[in-house]
Amino acid sequence: MDPDSFEMITLNLSQVEEALKYIKENDMVTMKFLSGTAFSVEPENFVELKIIECEPGVKGNTATNAMKNAKVETGATIKVPMFVEEGETIRIDTRTGEYMSRVGK
């Protein structure tokens, strides 16, 4: 929905598929148009999402660059350091899909 005109814009899955990994309901996104037709949807460069599922860290692996998979609230799977735990909120760079940091508890 356009926040200024409240016009609803219909998109197909191919236009939003990549962005859906990083956006939640009511998040602001950038839509790109060509000749009045939307062709791309981009989330903010950095988003904060809650981890809903991840493997427990193995004691002793926190000093290395070991990574593990974590599933965030949008359903995307992100590689995170071993010390990050389920229930924490993390900052993700949506341009690369990489973990950036934990967000205060």
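Of note:
- Against the test of being modelled with pLDDT of 90 or more and at positive phi, the options Gly75, Gly60, Gly36 yield a single qualifying residue, Gly75.
- Within segment 78-88, considering residues that are surrounded by fewer than 16 Cβ atoms within 10 Å (Cβ to Cβ) and either modelled with pLDDT under 90 or assigned to a strand (DSSP E or B) (or both), the one nearest to the chain's Cα centre (by Cα): Lys79
- The number of residues in segment 29-46 that are farther than 16 Å from Glu7 by Cα, over 17 Å from the mean Cα position of the chain (by Cα) and aromatic (Phe, Trp, Tyr) comes to 1.
The values are calculated or read from the model by the stated rules, or taken from the named source; none is laboratory data. Being a predicted model, the structure only gives us computed values, none of them experimental. Positions of Cβ are generated from backbone atoms using ideal geometry, with glycine treated the same way; all protein chains shown enter the neighbour counts.
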